[in-house]
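Asks: Input: one structure, supplied below.
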Amino acid sequence: MCKYCRSEIDKKAKVCPNCKKKQPGIAKWIILGIVAIFIIASIAGSNEENKKEKNRKKDFTQSEIATFKDVKYSIVNVEKTQGSSQFVKPKEGYEYVKVTVKIENTSDEKISYNALDWQMVNSDGQEDAFGTYTADDDVTLSSGELDAGGKIEGVLVWEQKIGDNNLRLRFYNNALFDKKYSLQFKLN
């Protein structure tokens, strides 16, 4: 039957002999079916990735090694100090908190790292980027790239209230755009 004029035609006819209109083929339905399958599969895959991300451990102690996207992050040392310089001192009632972080690229690709991706949260819930100063002559973590298998250590310094025992160091995969941290270390 013709889809347009409703006259009886051969089921295999591509054009109606009466109204001369091209008959819709099954090909478009097959293509639409394949597209629908791809859409459903991508949604299901995305949901699976979201579940994995939601269930991924994000909170670590200072002594644990955290892995995110095949990169290992660890705290090598935490030191609270007044600094050794007579010219650069923390403000009254504060101390420098020097955190030495280690990044090991165990992935197969080059990665970028940036000191600005690290934030410290104090017991008052204030989250700050690291200071632009150094408390001593430490090697400050800067920014750059690590080849697959590469590793780097560097110091980040914050000024925090003396005796704050609820400090947390957070890593954001991209501090400019991420609203949620990727990893968090509870500092001793």
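Each value in this text was obtained by applying a stated rule to the coordinates, not by laboratory testing. Quick caveat, the model's predicted, so the values are computed rather than measured. Note: ideal-geometry Cβ built from the backbone for every residue, glycine included; neighbour counts use all protein chains shown.
Asks: Quick check: pseudo-label points 7 Å beyond the Cα along Cα→Cβ at Glu127 and Lys89, how many nm apart are they?
Replies: 3.3 nm
Asks: Among the chymotrypsin sites (Phe, Trp or Tyr not before Pro) in the stretch 7-106, which ones are in a DSSP loop with at most 10 other Cβ atoms within 10 Å of the Cβ? Mind listing them?
Replies: Counting only loop positions with at most 10 other Cβ atoms within 10 Å, the chymotrypsin sites (Phe, Trp or Tyr not before Pro) in the stretch 7-106 are Phe87.
Asks: While we're on this one: Which number gives the lysine pairs in the stretch 59-186 that have C-alpha atoms under 16 Å apart and are eight or more places apart or on different chains?
Replies: The number of close lysine pairs in the stretch 59-186 is 20.
Asks: Show log10 I(q)/I(0) for the chain at q = 0.16 Å⁻¹, two decimals, from a solvent-free Debye sum over equal Cα scatterers.
Replies: Debye intensities relative to I(0), on a log10 scale: -1.02.
Asks: For the stretch 93-188, which trypsin sites (Lys or Arg not before Pro) are both in a DSSP coil and crowded by at most 12 other Cβ atoms within 10 Å?
Replies: Here the trypsin sites (Lys or Arg not before Pro) that fit, given the DSSP loop and packing criteria, are Lys110, Lys179, Lys180.
Asks: Return the distance in nm (one decimal) between the two label points of a simple spin-label model at Asn114 and Gln184, each offset 7 Å from Cα along Cα→Cβ.
Replies: 2.2 nm
Asks: Per-residue ellipticity at 222 nm for the chain, helices alone: DSSP H runs ≥ 4 residues times -39500 (n - 2.57), over residue total, nearest 500 deg cm²/dmol?
Replies: One gets -5500 deg cm²/dmol as the mean residue ellipticity at 222 nm.
Asks: Something else now. If I model a spin label as a point 7 Å beyond the Cα along the Cα-Cβ vector, how far apart are those points for Glu64 and Val78 in nm?
Replies: 1.3 nm
Asks: Based on the Kirkwood radius over alpha-carbon pairs, what value in µm²/s does the Stokes-Einstein equation return for the translational diffusion coefficient of the stretch 96-188 at 20 °C and 1.002 mPa s?
Replies: 154 µm²/s
Asks: Checking the cross-link filter: which lysines have an alpha carbon closer than 17 Å to that of Lys20, excluding same-chain neighbours under 8 positions apart?
Replies: Lys3, Lys11, Lys12
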